[in-house]
1. Can you tell me which of Asn234, Asn291 is surrounded by fewer than 16 Cβ atoms within 10 Å (Cβ to Cβ) and farther than 19 Å from Ser83 by Cβ?
2. What's the total number of residues in segment 106-147 that are part of a strand (DSSP E or B) and open to solvent by less than 30 Å² (accessible area, probe 1.4 Å)?
3. Kindly list, by first and then second residue, each pair from a residue in segment 216-239 that is closer than 16 Å to Asp266 by Cβ to a residue that is open to solvent by 10 Å² or more (accessible area, probe 1.4 Å) and of a type in the set (Gly, Ala, Ser), limited to pairs with Cβ atoms under 6 Å and residues at least 6 apart or on different chains.
4. Name the pairs: first residue in segment 194-210 and among the hydrophobic types (A, V, I, L, M, F, W, C), second residue open to solvent by 60 Å² or more (accessible area, probe 1.4 Å) and in a loop (DSSP other than H, G, I, E, B), Cβ to Cβ under 7 Å, at least 6 apart or on different chains?
5. Exactly one of (1) in contact with a Lys or Arg (Cβ under 8 Å, 6 or more places away or on another chain); (2) open to solvent by 10 Å² or more (accessible area, probe 1.4 Å); (3) closer than 25 Å to Asp106 by Cα is unmet by Gly269. Its number?
6. Filter segment 237-258 down to the residues that are buried (at least 19 other Cβ atoms within 10 Å of the Cβ) and of a type in the set (A, V, I, L, M), then identify the one that is nearest to Thr278 (Cα to Cα).
7. Report, by residue number, each residue of segment 195-231 that is β-branched (Val, Ile, Thr) and surrounded by 14 or more Cβ atoms within 10 Å (Cβ to Cβ).
8. Just to verify a result, which residue in segment 108-144, among those that are modelled with pLDDT of 90 or more and not β-branched (Val, Ile, Thr), is farthest from the chain's Cα centre (by Cα)?
Amino acid sequence: MISNRTLKHGYHDKCKPYRTSYVTCHATDHDRICAPVVSKRCLNLSTLSMSLLAFPQKEAVAALIDENLTMKVFEEASPSVVSIINYKFAGGVQVPEGVGTGVVWDSLGHIVTNYHVISKIDKGSISQSTKVVAVDPGSGQSTTYSVELLGSDAMHDLAALRIVPDIDSSPEEEGASPSAQSASSSSSSVSSSILTPMKMGSSSDLKVGQYVFAIGNTYGLTKTLSVGILSGLNRSIPSPVGTRIYGVLQTDASINAGNSGGPLLDSSGRMVGMNTSTITRAGTGRGSGVNFALPADLLRDVVPKLIVYGNSMGQKV
């Protein structure tokens with residue numbers, strides 16, 4: 001039994017203080033995705049018992065979300081979620097190096113994700129090491145696409161990609177010029193693909209406590225769904241270049257390695273944020289439950305500029 005004199009803030013005085021850090025949810029960070037853990041002997045059991053008595057079990061049961069709603073949100077939003085896989089050459093063979101998630105922005109084949117997911121791609125070139133994988137919700141078959149980086153904004157951890165259709169796979173139109181054949185092939189390949197644009201929402205009217213849903217390529221497991229609540233608004237997190245990103249959403253919906261770039265959805269299936277990072281403690285291998293997503297209104301402002309101009313300034317440089 002632990003004496004009250006040895007307890008401090010609900011924990012045994014021999015416990016080490018927490019050391020937390022922000023970790024982006026890219027699969028290469030797998031061994032750093034972790035959270036604070038305290039052994040059972042360090043818990044102030046009397047305080048814990050009082051807390052449990054204050055919340056009857058029937059209240060917890062009543063808080064469970066409608067599973068029909070959960071299934072509907074997933075069915076409507078999941079076709080707009082793709083996997084992003086980074087490869088490296090090993091022994092003359094391409095092997096997966098890291099995974100992330102992307103969102104279909106429009107019907108023109110534009111994909112949006114976090115900058116840290118695709119930071120190795122050179123702007124304006126067709127990547128040989130990064131592929132986008134989309135899964136047909138009907139047949140379950142996957143299609144792999146090459147991508148081109150249109151623009152990125154490391155200060156806001158955002159990037160815009162463009163699907164590069166396989167021109168050789170489309171029949172040539174008789175009498176058409178090479179440029180016309182290429183444009184026709186690109187248009188038909190994208191329009192007839194399994195890519196469905198995401199339904200966008202707004203982050204301006206969100207309320208703490210409302211349900212949110214996260215979909216992502218968790219640990220390489222495609223289109224994994226997790227459910228939670230909006231835990232906080234107007235947080236700030238560090239960007240890949242060390243500056244701060246403000247207006248960030250906080251949620252306890254599970255976000256792990258591979259979730260970066262995936263959507264955070266409201267109960268109507270609208271994207272209200274982009275899953276980006278989590279707070280962890282090195283060495284435990286567990287999620288903290290303190291996760292962050294870029295607000296949808298930030299995406300609405302930055303992404304069109306990345307697609308058209310290649311930067312977030314809204315002008316050619």
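The values are calculated or read from the model by the stated rules, or taken from the named source; none is laboratory data. Predicted, not measured: the structure shown is a model, and the values here were computed from it. Cβ placement follows ideal geometry from the backbone for every residue including glycine, while neighbour counts extend to all protein chains displayed. These accessible areas exclude ligands, DNA and RNA; they are computed on the full protein's heavy atoms, side chains included. Shrake-Rupley method; radii C 1.70, N 1.55, O 1.52, S 1.80 Å.
1. Unique residue meeting the criteria: Asn234.
2. 11
3. Partner pairs satisfying both residue conditions: Ser226/Ser254; Ile229/Gly209.
4. Met200/Arg270
5. Looking at each condition in turn, Gly269 falls short on (2).
6. Once the filter is applied, the top-ranked residue is Ile255.
7. Of everything in segment 195-231, those that are β-branched (Val, Ile, Thr) and surrounded by 14 or more Cβ atoms within 10 Å (Cβ to Cβ) turn out to be Thr196, Val212, Ile215, Thr218, Thr222, Thr224, Val227, Ile229.
8. Residue satisfying both the conditions and the ranking: Leu108.
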